[in-house]
Structures are given as structure tokens and as C-alpha cells.
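Below is one structure, written out as C-alpha cells; comments come after it.
The values are calculated or read from the model by the stated rules, or taken from the named source; none is laboratory data. Please read all numbers here as calculations on a predicted model, not as lab measurements. Backbone-built Cβ (ideal geometry, glycine too); neighbour counts: all protein chains shown.
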Amino acid sequence: MASMPFSTLCLFKKPNYLTVRYAPSNQFRFSSYSTLRFGATQRRRKIGITVCRVASVAFRDLDADDFRHPLDQQNTVILRAIPGLNELGKALLGTVAEQVMLLENIGTSVLVSKNQLPGLHDLMVEAANILNVDAPDLYVRQSPVPNAYTLAISGKRPFVVVHTSLVELLTREELQAVLAHELGHLKCDHGVWLTYANILTLGAYSVPGIGGLIAQTLEEQLFRWLRAAELTCDRAALLVAQDPKVVISVLMKLAGGCPSMADQLNVDAFLEQARSYDKASSSPVGWYIRNAQTRQLSHPLPVLRAREIDEWSRSPAYKSLLKRGTLINSLQNV
């Protein structure tokens with residue numbers, strides 16, 4: 001899931017090796033070894049890669065506008081009306097920025113493939129198949145801050161980055177929903193505008209001659225558009241997960257979850273919290289505070305995203321899309 005939760009889910013060193021906790025059967029596992037802890041003792045045990053189909057249908061004729069959020073449509077029109085925006089973006093995100101971002105990820109992350117973290121690779125390929133979009137390169141990066149984001153620079157092959165702490169926090173189904181969220185950005189051709197926003201949230205102010213100019217001229221409008229685009233990509237996550245509680249659980253965990261408390265979190269209670277936020281912000285003063293609170297954010301508040309995806313999951317538009325889907329076979333354990 002482009003950063004405060006997803007894709008940005010949220011931007012968020014551990015030792016230079018990857019440790020993945022033992023996962024129950026309903027969780028994603030991509031390490032060939034895990035550490036099992038029993039009181040003061042621990043032992044290492046080899047475990048297999050388990051990949052099971054979460055969704056039941058794929059969308060062979062899916063168009064981005066089939067699931068694009070109305071606010072995304074509105075703000076895209078506004079951005080396109082800004083004279084020279086695309087040209088400015090290509091100039092700003094030229095050779096220097098491209099090399100900074102590409103080398104940063106290639107040099108400090110692990111590139112996922114059939115032979116490297118194959119379970120994670122399978123989740124990405126499967127999600128791309130469901131949404132009928134080409135799978136981008138995928139990197140795993142050490143970070144204590146749960147996050148995933150997408151970058152597509154100068155017409156090069158786009159890539160998605162997932163932080164290790166996000167993998168540890170989420171179940172297999174939830175992690176695939178995050179990957180689907182990122183694929184939603186590519187499906188909707190969010191392209192260069194998404195890269196603007198991600199470079200801002202990733203600290204582009206430190207890139208000489210680039211960050212400052214973007215921040216001064218485009219930040220507010222870009223973040224308004226990005227908040228709307230995130231709502232669209234949450235829908236892409238739902239199209240792959242095909243269970244709103246999976247997507248809402250991701251948002252809840254990003255808002256206040258950790259591996260040790262994951263089994264105590266309650267999606268229904270989080271939705272009730274979202275409704276209470278709507279009620280508390282319905283007054284004139286509440287409305288003003290709510291807008292002031294979100295204006296400089298790159299992502300909508302998690303409770304608002306949860307409420308949005310819950311409502312869309314019950315809409316005729318979503319149900320109609322599911323009926324259009326093509327049944328797919330489940331992947332077997334590998």
C-alpha cells in the first residue's frame with residue numbers, strides 16, 4: 001500500500017540480516033528459516049513457503065475508471081489543468097533524481113524474484129494477474145517503520161518497495177492487499193505525479209535543486225490529489241483481497257498495530273471508531289479541525305480510509321465488478 005500508510009501506506013536499522021518470526025498457517029512466510037521462541041528457549045526450524053489463493057476471481061477486462069474514486073477523478077482533472085506540469089515533472093525528475101532513487105533501492109534493498117523470496121514474488125505476480133497489470137520490480141528493505149511505496153521515473157520500469165517491518169506486521173492476505181494497492185497506482189497510471197509525491201514524502205528536500213522547487217509549487221495540490229488517489233488504490237486492494245476486513249485490518253495495524261498485539265485487534269471496533277470520528281467532526285468546529293488536520297497529509301486518515309472501503313465493499317459498483325471477474329485456480333503449497 002506510496003508514505004503514511006500504504007505507498008506510501010506510510011513512510012516510515014535493524015541488523016543487516018533478515019529475521020522473520022514464525023508465522024501461523026494463516027500468515028505469509030517467505031524465509032526458509034524462522035525463529036521459534038518458547039519462554040527462555042528458542043530453536044531454529046526450517047519452514048516451507050506457503051502461498052494460497054485468497055481471491056477467487058481475476059479481472060480480465062478491468063479498466064482503471066471501473067474502480068477510480070470520484071475524488072481521484074476530480075483532482076486528476078485539476079492537476080491536468082496545470083500548464084506544463086508533466087514537462088516540469090520530467091525536468092525535475094531527470095537523471096539526478098532517477099539515479100538517486102534507483103541506486104538507493106538497488107544498493108540497500110533485496111530484489112525479489114523467483115529465486116529470491118519466491119513466496120513474496122508469487123504474491124505480487126498473482127495480484128498483478130488479478131488486476132490485469134504488468135508486475136513491477138519488487139524490493140524488500142530493512143526498516144522499523146511499516147511502509148510500502150511505488151516509484152516510476154523517466155519512463156523506466158516502475159518498482160515497489162516493501163519494508164521488512166510491514167512484512168512482520170501483516171498476514172499473507174494483508175500483505176498481498178498492500179501489493180495490490182501499489183499495483184493500483186500503476187493500473188491508474190498515477191505515474192509521474194505519484195513519484196513527485198513520494199519523493200516529497202521520502203525527503204526529496206535533500207536533493208539539490210529538486211525538492212525545494214517541488215515543495216514550493218506543487219506540494220499542496222499534489223498531496224490533495226494523492227489523498228484521493230490513495231482511496232482509489234485501497235479499492236484495488238479490495239479487488240484482490242475480495243474481503244473488506246483484510247484491507248481494513250491493514251489500515252488498523254498501520255494506525256496502531258504491532259506483531260505482539262495483532263491477534264487482539266478488532267476490525268469491527270475500528271470501523272465503529274471511524275464512525276465516531278465522522279460524528280465528532282460533523283460540527284462546524286469539528287469540520288474546520290478535520291480539514292486542518294488532513295490538509296498537509298499525503299494520505300487520508302486511516303479511520304476515514306477504513307470507512308470508505310467498507311462503504312464501497314457494499315456498493316452495487318463493487319458487487320458488479322466481482323460478477324464480471326473470471327474464476328481462477330488456487331495456488332498450491334510450494
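Quick check, is LEU226 at pLDDT below 90, under 14 Å from the mean Cα position of the chain (by Cα) and either surrounded by fewer than 19 Cβ atoms within 10 Å (Cβ to Cβ) or among the hydrophobic types (A, V, I, L, M, F, W, C) (or both)? I'd like the intermediate steps shown before the answer.
Details: at pLDDT below 90: yes; under 14 Å from the mean Cα position of the chain (by Cα): yes; either surrounded by fewer than 19 Cβ atoms within 10 Å (Cβ to Cβ) or among the hydrophobic types (A, V, I, L, M, F, W, C) (or both): yes.
For LEU226, the condition - at pLDDT below 90, under 14 Å from the mean Cα position of the chain (by Cα) and either surrounded by fewer than 19 Cβ atoms within 10 Å (Cβ to Cβ) or among the hydrophobic types (A, V, I, L, M, F, W, C) (or both) - is met.
Which count do you get for residues in segment 232-253 that are under 11 Å from the mean Cα position of the chain (by Cα) and of a type in the set (A, V, I, L, M, F, W, C)?
The number of residues fulfilling the criteria is 6.
Collect the residues in segment 147-167 that are at pLDDT below 95, at negative phi and not in a strand (DSSP E or B), keeping them in residue-number order.
Scanning segment 147-167 gives ASN147, ALA152, ILE153, LYS156, ARG157, PRO158.
Among the listed residues ALA274, ALA262, ALA280, ALA269, which satisfies the condition of being of a type outside the set (D, E, K, R) and under 22 Å from GLU168 (Cα atoms)?
When all the criteria are applied, what remains is ALA262.
Please note which helices (runs of 4 or more DSSP H) are completely contained in segment 232-313 and include at least 2 residues that are more than 26 Å from HIS185 (Cα to Cα) and modelled with pLDDT of 95 or more. Steps first, please.
On the way: elements: 244-256, 267-280, 284-294, 302-313.
Per the criteria, 267-280.
Sort out which residues of segment 274-293 are more than 22 Å from the chain's Cα centre (by Cα) and polar (S, T, N, Q), and write them in order of number.
Of segment 274-293, the ones more than 22 Å from the chain's Cα centre (by Cα) are 275-292.
Matches in segment 274-293: SER276, SER281, SER282, SER283, ASN291.
For PHE223, are the conditions met, namely being assigned to a helix (DSSP H, G or I) and closer than 16 Å to THR171 by Cβ?
Numbers: assigned to a helix (DSSP H, G or I): yes; closer than 16 Å to THR171 by Cβ: no.
In short, no.
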